[in-house]
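The values are calculated or read from the model by the stated rules, or taken from the named source; none is laboratory data. Just so we're clear, the structure is a prediction, and the values are computed from it rather than from any experiment. Reconstructed Cβ throughout: ideal geometry from the backbone, glycine too, with neighbour counts over all protein chains shown.
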Amino acid sequence: MVKTKIKEIVLEHLVDNNLDGLFSIQAECSCFIHNLFPCGMSFKDCQTGIRELCDCSDGNNFHIVAKEKEKGGIDDQESERV
């Protein structure tokens, strides 16, 4: 279980930077800002991102993807859907 203080710090960073949630390419998962860390697993591979609407058949109507660098993204990794 993620400690509350860490969750508060991550939430504050997301809000301050106008981000929508987290995603992990390695774990092939994502979580929305209002439901952070529902998996309870380590978040060491998670990245911050923005919501992108989709019409894929995985049961979700959105994915969290990397924010473009020129808009203030945090890393050089290719934006991938999770």
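Return the residue satisfying two criteria in turn: it lies in segment 1-23 and is modelled with pLDDT under 90 and surrounded by 12 or more Cβ atoms within 10 Å (Cβ to Cβ), and of such residues it is nearest to the chain's Cα centre (by Cα). Give the steps one after another, and end with the answer.
Filtering segment 1-23 down to residues modelled with pLDDT under 90 leaves 1-7.
Still in the list and also surrounded by 12 or more Cβ atoms within 10 Å (Cβ to Cβ): 2, 6-7.
Working: V2: 15, I6: 15, K7: 13 Å.
Filtering segment 1-23 for residues that are modelled with pLDDT under 90 and surrounded by 12 or more Cβ atoms within 10 Å (Cβ to Cβ), the one nearest to the chain's Cα centre (by Cα) comes out as K7.
Here's a check for you: in segment 28-79, which residue that is acidic (D, E), under 19 Å from L14 (Cβ atoms) and in a loop (DSSP other than H, G, I, E, B) is modelled with the lowest pLDDT?
D75
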